[in-house]
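The values are calculated or read from the model by the stated rules, or taken from the named source; none is laboratory data. Keep in mind that this is a model prediction, so the values were computed, not measured. Because the Cβ atoms are built from the backbone with ideal geometry, glycine has one as well, and the counts that use them run over all protein chains shown.
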Ligand SMILES: *Cc1c(COP(=O)(O)O)cnc(C)c1O
């Protein structure tokens, strides 16, 4: 079996599992309890916080643990919106291809009277910094732009966007869930005010996320109750999960250069191989993309059947994101980069893991080529294209 859906989730590393089991066994106390067993848990929690801070170039008091990337996104955006409202600011700038954790939060704020500008991401899947600058108004409360896209893997000019926000005095949040542990991030150098990440995207456990919020940045509670996380996120802390997440992040950050130099040639080999399939096109910029991510559209192919047949061949991949499969809507990300509806249904996302080999990549190329040919031969839509009754959308 080749697991090539690492953008959906990753296998936990041995270190992450060992750390989790160790603290499940040894550290069952409640960090809020004053006796020693509790205080030991508190020490583990704070040590993990320090490690996460160090990985991001942040300070320990700027790190808040959450239940995942979605919660961190929700809290960052809602906090900035509430603060904005107090200052009479009711405008938020974001992009059309954010994760639904961001888009659906923005939709909710829109119903409450906020004005949302969703920037175009162009056909290369990249946001333009000058367009972010032009969209910022006197009443802009927040700019939120993802670091790397979860479907097409494109990496955004975060440092430049952050600089523009600083210059204009607007809060800047980035959903860095796909980027953390995969590319170097430093919240100071990158001019980031708030950042979200999620442990299960870098070989940590599911259900643990982090919200970084720079010193003095207002946070509003999403989960109300006890005074955990300096009063900003109630609920007894998931100490073993948090310790495991910190270990996984440290491990991933330590290995970023090696990971990138190993995966980039494999990714490019896969892109070259799939590019040979006629009437196919890579989605997103070829260079400015995560080392793990390949995303293609094939004319005349329906994504779900492609995935099922690849599954028969032992390949786990995805069409669009895991969160939207099961719905028949075409991917909002592919529509955002200007793919027509017909081909936005026919996409394939392959997200390689660090254990991927050249043989795996060649097997994926061979299998996808076979499956695409097989499906096209059965498709009346494809016959129309071939007979010239419909125009092809891509060059051969
Ligand atoms: C996975 C993902 C999320 C959601 O994170 P969870 O921990 O699963 O809630 C948010 N944003 C992006 C870009 C993601 O890839």
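For the stretch 12-27, the set of residues classified as in contact (Cβ under 8 Å) with a residue 12 or more places away in the chain, more than 15 Å from the ligand (Cβ to nearest atom) and under 24 Å from the mean Cα position of the chain (by Cα) consists of 13, 15, 17, 20, listed by residue number.
Yes or no: residue 48 more than 30 Å from residue 344 (Cβ to Cβ), within 16 Å of the ligand (Cβ to nearest atom) and under 25 Å from the mean Cα position of the chain (by Cα)? Against the criterion (more than 30 Å from residue 344 (Cβ to Cβ), within 16 Å of the ligand (Cβ to nearest atom) and under 25 Å from the mean Cα position of the chain (by Cα)), residue 48 does not qualify.
Just name the residue that is nearest to residue 177 (Cα to Cα) out of those in the stretch 308-327 that are touching a strand residue (DSSP E or B) at 6+ places or on another chain (Cβ under 7 Å) and modelled with pLDDT under 95. Here the answer is 320.
Per this entry, residue 352 is not counted among residues that are at pLDDT below 95 and out of contact with any strand residue (DSSP E or B) (no Cβ under 6 Å at 6 or more places or on another chain). The helices (runs of 4 or more DSSP H) falling completely within the stretch 67-181 that include 3 or more residues that are away from the ligand (no atom under 16 Å from the Cβ) and surrounded by 16 or more Cβ atoms within 10 Å (Cβ to Cβ) map to 69-86, 129-135, 158-168.
Here 188, 222 are screened, and the one residue that is within 14 Å of the ligand (Cβ to nearest atom), over 18 Å from the mean Cα position of the chain (by Cα), over 21 Å from residue 46 (Cα atoms) and assigned to a loop (DSSP other than H, G, I, E, B) is 222. Looking at 278, 258, 250, just one residue is more than 16 Å from the ligand (Cβ to nearest atom) and closer than 30 Å to residue 29 by Cα, and that residue is 250.
Restricting 309, 274, 270 to residues that are closer than 24 Å to residue 184 by Cβ, touching a residue at least 40 places away in the same chain (Cβ under 8 Å) and part of a helix (DSSP H, G or I) narrows the list to 270.
The single condition among (1) under 22 Å from the mean Cα position of the chain (by Cα); (2) modelled with pLDDT of 95 or more; (3) crowded, with 18+ Cβ neighbours inside 10 Å; (4) in a loop (DSSP other than H, G, I, E, B) that residue 295 does not meet is (4).
Please determine whether any residue of the stretch 195-211 is closer than 30 Å to residue 259 by Cα, more than 14 Å from the ligand (Cβ to nearest atom) and under 19 Å from the mean Cα position of the chain (by Cα). No, that holds for no residue.
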